[in-house]
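Report on the following structure.
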Amino acid sequence: MGLQEHRDESPVCIAFAVLTISDSRDRGSDRGGDYLVEAIEAAGHRVVERSLCPDEGALIATSVRAAAERADIDLVLTTGGTGIAPRDVTFTALGEVLDSELPGFGELFRWLSYAEIGSAAILSRALGGLVGDTVVLAMPGSPKALRLAMEKIVLPEAGHLVSQSRRR
């Protein structure tokens, strides 16, 4: 089966969880989370869960695992904590939670980012993977970076990602 056939067989409406990882954001100041919800809903998908989590490795791991284990969630998106500052522990926390990695997500995100911001793209530790059969994608907190990821990667491939991960 070819790529187009896989895409044609993919679900049309995906149920997302959006998890903002930050010590400094609350619901009123979470511009990244707001953007994700708007983009997901504008694309005809649903946001089933939206939450905030402090930059604490154990809490991140617990929150992502809980969302991924829910039967009503197809794809988990995290925003924030993917940089290299001492408080940015998302990369490390997810490394301990993911059952398998999707290295192409981070690679493609950094490649696309390079076209926009140049060599500063190396500072991003965006990553993707699977927890069980649920796709988890970790993105930066910047609304501009989120827009790039959503428009160029996540929304075009969400159905395909979900359909393929559920075949395992």
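The values are calculated or read from the model by the stated rules, or taken from the named source; none is laboratory data. Every value quoted in this text rests on a predicted model; they were computed, and no experiment measured them. Note that each Cβ is placed from the backbone with ideal geometry, even for glycine, and that neighbours are counted across all protein chains shown.
For this structure, a couple of remarks:
- Only one entry in 138, 121, 145, 158 is free of Cβ contacts under 8 Å to residues at least 60 places away in the same chain, among the hydrophobic types (A, V, I, L, M, F, W, C) and either crowded, with 19+ Cβ neighbours inside 10 Å or part of a strand (DSSP E or B) (or both), namely 145.
- The residue that is farthest from residue 16 (Cα to Cα), among those in the stretch 67-77 that are part of a loop (DSSP other than H, G, I, E, B) and either polar (S, T, N, Q) or in contact with a strand residue (DSSP E or B) (Cβ under 6 Å, 6 or more places away or on another chain) (or both), is 72.
- Exactly one residue out of 28, 106, 95 is at pLDDT below 95 and under 16 Å from the mean Cα position of the chain (by Cα), and it is 95.
- Test: residue in the stretch 68-89 that is surrounded by fewer than 18 Cβ atoms within 10 Å (Cβ to Cβ) and within 16 Å of residue 155 (Cβ to Cβ): no
- Contacts under 8 angstrom Cβ, first residue in the stretch 51-66 being part of a helix (DSSP H, G or I), partner surrounded by fewer than 16 Cβ atoms within 10 Å (Cβ to Cβ), 6 or more apart: 57/92; 57/96; 61/96; 63/51
- Filtered by the rule that a residue be part of a helix (DSSP H, G or I), in contact with a Pro (Cβ under 9 Å, 6 or more places away or on another chain) and surrounded by fewer than 18 Cβ atoms within 10 Å (Cβ to Cβ), the stretch 21-50 gives 31, 34.
- Some residue of the stretch 78-89 being touching a residue at least 60 places away in the same chain (Cβ under 8 Å), assigned to a helix (DSSP H, G or I) and polar (S, T, N, Q): no
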